[in-house]
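The values are calculated or read from the model by the stated rules, or taken from the named source; none is laboratory data. Keep in mind it's a predicted model, so treat the numbers as computed, not measured. Note that each Cβ is placed from the backbone with ideal geometry, even for glycine, and that neighbours are counted across all protein chains shown.
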Amino acid sequence: MQNFLILVDKELTLMKIAEVGNIVEFKEGLQGVVEKVNENSVIVDLTIMDNFHDLDMEEKTVVNHKRYKILNHPNEH
């Protein structure tokens, strides 16, 4: 996992950047698997959620690095 220092509200903050395969959470509990890491965002596959089909959402979405929390990596036990 990569760490970056970013400026948030005039303070430097250490931010962890997700890697491909990480499970992330964002926006009131939505979860997905990171498929691609971009400079400022990740592309997340939402179909891992049990209730995905009930949500009427696209399968993939883009999430800014500042807007998600890394939950775990599928290889972690």
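Summary table
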quantity: Pairs with Cβ under 7 Å, 6+ apart, first in segment 45-70 and of a type in the set (S, T, N, Q), second not in a loop (DSSP other than H, G, I, E, B); calculated: Thr61/Val44; Asn64/Ser41
quantity: Among residues of segment 20-37, those that are within 8 Å of the chain's Cα centre (by Cα) and in a strand (DSSP E or B), counted; calculated: 8
quantity: So Phe26, is it in contact with a Leu (Cβ under 7 Å, 6 or more places away or on another chain) and at pLDDT 90 or above; calculated: no
quantity: Residue count for segment 38-77, restricted to those that are modelled with pLDDT under 90, under 14 Å from Ile23 (Cα atoms) and not in a strand (DSSP E or B); calculated: 5
quantity: Tally, over segment 1-19, of residues that are outside any strand (DSSP E or B) and at pLDDT below 75; calculated: 3
